[in-house]
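Below is one structure; the comments refer to it alone.
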Amino acid sequence: MLIEGLMNRGNGALLEQVVNFASQRHKLLLDDIANADTPGFRQKDLSVERFSSMLRNRVDERRRYGVARFDDMESAVENPTRGILFHDRNNRSMEQLSTDLAKNAMMHNLAIELLRKQFQLMEMALREKVV
């Protein structure tokens, strides 16, 4: 899974990338839903598998070398070919788009919550130090 083991210290940059990815993907999914009945419209999406693989590689790199950059990760927009291709060359599936949108929203919310918890822990540590 994308977010396994992210509550370790120092994962702010990694979580930021998850939030950015989910935000970009959310916009594309909403555009796909809005244009589902537009003749000739081709769906656009970001590959969760490819992003997950890039993220896993960076985490492995950080484990091996003690440091890794997360700020240069980019995902390319793809035209998915799954689903039924209709006569107007559109491969729409409102059920699939709705499911993808819900999963993406959950991933985004989880990353935001983990970031919030991490900041709470840092704030608590700073208060302890001041007292």
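Tabulated data
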read-out	value
Lys117 versus Asn35: modelled label distance in nm, points set 7 Å from Cα along the beta carbon direction	3.8 nm
Listed residues Val18, Val67 arranged by accessible area, highest first, probe 1.4 Å	Val67, Val18
Accessible surface ranking that places the most exposed of Ile33, Ile112 first, with a 1.4 angstrom probe	Ile112, Ile33
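The values are calculated or read from the model by the stated rules, or taken from the named source; none is laboratory data. Not measured: the values here are computed from a predicted model. Note: ideal-geometry Cβ built from the backbone for every residue, glycine included; neighbour counts use all protein chains shown. The accessibility values were calculated without ligands, DNA or RNA, using every heavy atom of the protein model including side chains. Shrake-Rupley method; radii C 1.70, N 1.55, O 1.52, S 1.80 Å.
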